[in-house]
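Below is one structure, written out as structure tokens; the observations come after it.
The values are calculated or read from the model by the stated rules, or taken from the named source; none is laboratory data. None of these values were measured; they are calculated from a predicted model. Cβ: placed from backbone, ideal geometry, glycine included. Neighbour counts: every protein chain shown.
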Amino acid sequence: MPQMICKDVSLGYDGNAIVNNLNFTVNTGDYLCVVGENGTGKSTLIKTLLGLKAPLKGSIELGDGLKANEIGYLPQQTMVQKDFPASVKEIVLSGALNKTGFRPFYTKQEKELAQSSMERLGIQALSKRCYRELSGGQQQRVLLARALCATRKLLVLDEPVAGLDPKATTEMYELIYDLNKNGNTTIIMVSHDISAAMKYASHILHVSREPLYFGTKEGYLNSDVAKMFITGEVKE
């Protein structure tokens with residue numbers, strides 16, 4: 001069942017479009033990987049999906065009972081985020097802030113959700129540690145647990161393995177894949193790692209000024225777009 005439907009969307013700034021006529025549908029349980037060259041609107045698309053930016057035209061509709069505050073987000077890390085002086089538990093719990101409203105405390109249910117999120121990602125032993133003292137891979141697990149504390153329905157991940165070493169990268173990809181397959185969490189991931197997209201994703205969205213491809217991973221592998229993007233081959 002569709003959780004997100006993007007209809008004839010154009011994205012850009014100050015009235016200048018960088019992506020035109022974007023159409024795609026994300027169904028519950030999908031793993032959509034967004035690929036494309038630098039500067040083709042992937043980050044702008046993420047902001048629009050999160051409701052942080054309005055499209056220049058077109059619409060993005062939510063379905064299957066999904067609400068705007070039920071979309072979890074794992075952003076690219078910045079140096080400021082990496083040096084954040086809070087405990088792991090505090091950061092994971094902050095994922096529930098969209099549920100608290102004006103309430104100045106967390107409920108028992110929200111605390112249990114944070115605990116289960118940490119256990120799911122194998123970081124419960126780090127709960128009292130200061131976030132900025134952790135390795136890059138551990139920090140990304142904490143931020144993913146925070147996103148899970150916000151929602152288990154749909155996660156939007158922006159380059160989730162950027163800056164991680166190969167071992168941490170593999171572990172992060174496996175965690176995300178497990179959440180998708182065994183947790184039935186829908187995934188939308190922006191990535192430059194085309195090999196990971198081919199291994200884990202169910203669907204591919206290749207963005208450019210004019211969208212180049214949307215469909216299954218298998219269909220993408222057989223497309224001229226993929227041949228040019230992955231191997232540099234040009235159809236004669």
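Look at the stretch 5-24: where a residue is within 24 Å of A68 (Cβ to Cβ) and a partner is in a strand (DSSP E or B) and among the aromatic types (F, W, Y), sitting 6+ places away or on another chain with Cβ atoms under 6 Å, you get C6/F24; F24/F214.
Which of the residues spanning the stretch 120-129 are over 21 Å from D165 (Cα atoms) and of a type in the set (A, V, I, L, M, F, W, C)?
Taking the stretch 120-129 as the starting set, the residues that turn out to be over 21 Å from D165 (Cα atoms) are 120, 124-125, 127-129.
Passing the criteria: only A125.
Which of (1) of a type in the set (G, A, S); (2) outside the structural domain of G136 (by TED's automatic domain parsing); (3) modelled with pLDDT under 85 is the odd one out, the single condition A96 does not satisfy? Of the numbered conditions (1) of a type in the set (G, A, S); (2) outside the structural domain of G136 (by TED's automatic domain parsing); (3) modelled with pLDDT under 85, the odd one out for A96 is (2). Just one of the listed residues (N180, N184) is assigned to a loop (DSSP other than H, G, I, E, B) and touching a residue at least 24 places away in the same chain (Cβ under 8 Å), and it is N184. Quick check on my filter: what residues within the stretch 113-157 are over 22 Å from T186 (Cα atoms) and out of contact with any Lys or Arg (no Cβ under 8 Å at 6 or more places or on another chain)? Result: Q124, A125, L126, R129, C130, Y131, E133, L134, S135, Q138. Taken over the stretch 27-48, the criterion of being within 16 Å of G72 (Cα to Cα) and modelled with pLDDT under 95 is satisfied by S43, L45, I46, K47, T48. Within the stretch 66-93, if we keep just the residues that are in contact with a Phe, Trp or Tyr (Cβ under 7 Å, 6 or more places away or on another chain) and part of a loop (DSSP other than H, G, I, E, B), the residue that is modelled with the lowest pLDDT turns out to be F84. When each of S117, S195 is tested for being hydroxyl-bearing (S, T, Y), in a helix (DSSP H, G or I) and closer than 15 Å to E90 by Cβ, the lone residue that passes is S117.
For the stretch 110-119, the count of residues that are surrounded by fewer than 18 Cβ atoms within 10 Å (Cβ to Cβ), at pLDDT 90 or above, out of contact with any strand residue (DSSP E or B) (no Cβ under 7 Å at 6 or more places or on another chain) and acidic (D, E) is nonzero.
Apart from one condition, A54 fits all of (1) surrounded by 18 or more Cβ atoms within 10 Å (Cβ to Cβ); (2) farther than 27 Å from I91 by Cα; (3) touching a Ser or Thr at 6+ places or on another chain (Cβ under 9 Å); the exception is (1).
Of the residues L221, L179, L144, L205, the single one that is touching a Leu at 6+ places or on another chain (Cβ under 9 Å), of a type in the set (A, V, I, L, M) and either surrounded by fewer than 20 Cβ atoms within 10 Å (Cβ to Cβ) or outside the structural domain of L45 (by TED's automatic domain parsing) (or both) is L144.
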